Structures are given as C-alpha cells and as structure tokens.
Amino acid sequence: MNRKVITELLLAPYTSILRRFIPIRLKARARSFFYYGRNVYCPFCNRSFRHFLPVGVIPRPNSQCPVCGSVERYRLLYLYLKNRTAFFSQKHLKVLDIGPDRCFSELCSSLPNIEYVSIDLFPKIARIKMDIKNLAFENETFDCIICFHVLEHVKDDLSAMREMFRVLRPTGWALVQVPVDINRAATFEDFNLSEKNYETVYGQSGHVRIYGLDFKHRLESAGFFVRVDRFIDELDDETVSKYALKHRYKTKFYETCDDLYYCSKR
C-alpha cells in the first residue's frame, strides 16, 4: 500500500467529522492544509496541492479539487477560455451557463465584465429554474453559452440544441461538452427504456443515451457551425500535469475524453 493511500485512510475519520460539524469555509481551509503541496494547481480557488481527490462512477485518480470541487473538464475549460477566447477581457459579455458547476459559477460571478445568468431544471447552484428545452429568453440574447455534461440527461436533446441556437447572438459562441464514447460511431438511445434501467444500459442513472462521434452532426442539425476542439492535445506535458488533465478516461461502459465542441452561427 503506497503512502498516498495510507495518508487518505488515516485522514478519513477526520474528514467525516469535518463534513458534519465544520462550516464550509473552514472545511475548505482544513482540506487545503491536509492536501498541501505543489504538484497540482486549481485556477478556481488559486491553490496548489499534493494531489486532487478521486471522483467518478469509476473513480478517476487525481481529479477533484479538495477545496472548490473543480474537476478536469472545468480546469480545461478555464485554460481554453483564457487562451482561446476574450472571455476574461471582452467588455460586457452576457453569459448563459446551463447546469452550472459551483467553481465556474463563482468565478463568473466575480468577473466585472460578465453579465452572468445560470439555469437548471433542478437548481442547487443555478440562479434560475428553467427547462433547457424551453428557454424564457428573447432571441439572440447571449454572447456566450456554456453547456457542460447536460445534454446526456435531456431526452429531447435536439430541442435543447435548437433553443441554445435561438438565444445565441449572431456573433456569439457556445461551448458544449458531453461524455462521448470515442469508439462508437452513432449515438445509442432507446426511447422505450424505463428510468430504472438507465444505469444498467447507459452506465449512469441520470443518462438517457450514450453519445457517439456523431454528436457533432446533432449540433449541426440544430443550425450550428461546429468545430471539435481537442484543446488538451495542444497543451504541453507540464501544463497537463499541473492542472491534472486527462487525454482519455474510462466510464462504466466506455472510454471518453474532454473534447470541446465550439458552436457558432457562422
């Protein structure tokens, strides 16, 4: 048994006590102390650690920030927005975040150039309760839309894509990501399947399909021009290691990656 596993086992009872009795901000400080190191870095909470925590249906090692909860795909998103877009510098950027993650939501809320709107059908983090298939916004409202790991939960995903297209401004862009089976050509979905069988068939209880490499074409059918961006492949090994990114990883039934689907109207 290696030193890292032994350390986590020794800390487990204290971690349990932290979860139950200590306020969130103090928990964050305690975790920052427990995992102190210089091996990996989280840009959302601006902290370095020995390693990140494992997370996932099949636990991915070195994945989740112990303080703010960021995972690989959001750290990759941060780097993409910083290096490929004017997200942090463009004046008055109106952003729609669908199914937000707390780390990214807090970042957007802190940026003076961002007018931030977040929605979710079952809001825990989002500010507004709203159905992605029926967005209560005027046409061409947003400069930027972020939709990460949402569409695999939506039965009528094509309606959701059309709604995103409708509310995006002509010069705007959307970043979409879903878990795609990189060895599957066509998306698999069974509309006759009952919810109790979702996990057995799709690998996760909330998922309603397994996307294949045709996901790009589904977005294009909603009207988007789509570029599949394998941004991680452009990063050097030092950056990939520092942010603990993964080129590929396994889910319960298939292998996937964190490709970004850059969608625009032209």
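At a glance:
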read-out: Residues satisfying the stated conditions in segment 132-166, i.e. closer than 17 Å to residue 121 by Cβ and assigned to a loop (DSSP other than H, G, I, E, B); value: 132, 133, 134, 135, 136, 137, 149, 150, 154, 155, 156
read-out: Residues (crowded, with 17+ Cβ neighbours inside 10 Å and either over 30 Å from residue 190 (Cβ atoms) or charged (D, E, K, R) (or both)) located in segment 217-239; value: 218, 231, 232, 235
read-out: Residues (of a type in the set (Lys, Arg), exposed (fewer than 15 other Cβ atoms within 10 Å of the Cβ) and in a loop (DSSP other than H, G, I, E, B)) located in segment 38-91; value: 91
read-out: Which listed residue, of 213, 193, is in a loop (DSSP other than H, G, I, E, B), in the same structural domain as residue 154 (by TED's automatic domain parsing) and closer than 21 Å to residue 264 by Cα; value: 213
read-out: Selection count where residues are over 16 Å from the mean Cα position of the chain (by Cα) and among the β-branched types (Val, Ile, Thr), scope segment 32-81; value: 3
read-out: Unique match (being over 21 Å from residue 171 (Cβ atoms), outside the structural domain of residue 206 (by TED's automatic domain parsing) and either modelled with pLDDT of 95 or more or of a type outside the set (Ser, Thr, Tyr) (or both)) among 127, 60; value: 60
read-out: Yes/no for residue 210 being within 22 Å of residue 61 (Cα to Cα) and β-branched (Val, Ile, Thr); value: no
read-out: The lone exception for residue 136 - which of (1) within 16 Å of the chain's Cα centre (by Cα); (2) surrounded by fewer than 20 Cβ atoms within 10 Å (Cβ to Cβ) it fails; value: (1)
read-out: Verdict on residue 148 being loosely packed, with under 15 Cβ neighbours inside 10 Å, closer than 30 Å to residue 241 by Cα and modelled with pLDDT of 95 or more; value: no
read-out: Residue within segment 161-168 that is modelled with pLDDT of 95 or more, closer than 30 Å to residue 47 by Cα and not polar (S, T, N, Q) present; value: no
read-out: Test for residue 169: is it in the same structural domain as residue 259 (by TED's automatic domain parsing), over 23 Å from residue 119 (Cα atoms) and not in a helix (DSSP H, G or I); value: no
read-out: Check on residue 190, more than 30 Å from residue 143 (Cβ to Cβ) and at pLDDT 95 or above; value: yes
read-out: Selected residue (only one of 52, 44, 104 is within 25 Å of residue 234 (Cβ to Cβ), assigned by TED's automatic domain parsing to the domain that holds residue 231 and in contact (Cβ under 8 Å) with a residue 24 or more places away in the chain); value: 104
read-out: Every residue from segment 196-210 that is in a helix (DSSP H, G or I) and among the basic types (Lys, Arg); value: 196
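The values are calculated or read from the model by the stated rules, or taken from the named source; none is laboratory data. A quick note: this is a predicted structure, and the numbers were derived from the prediction, not measured. Cβ sites come from the backbone with ideal geometry, for glycine too, and all protein chains shown count toward neighbours.
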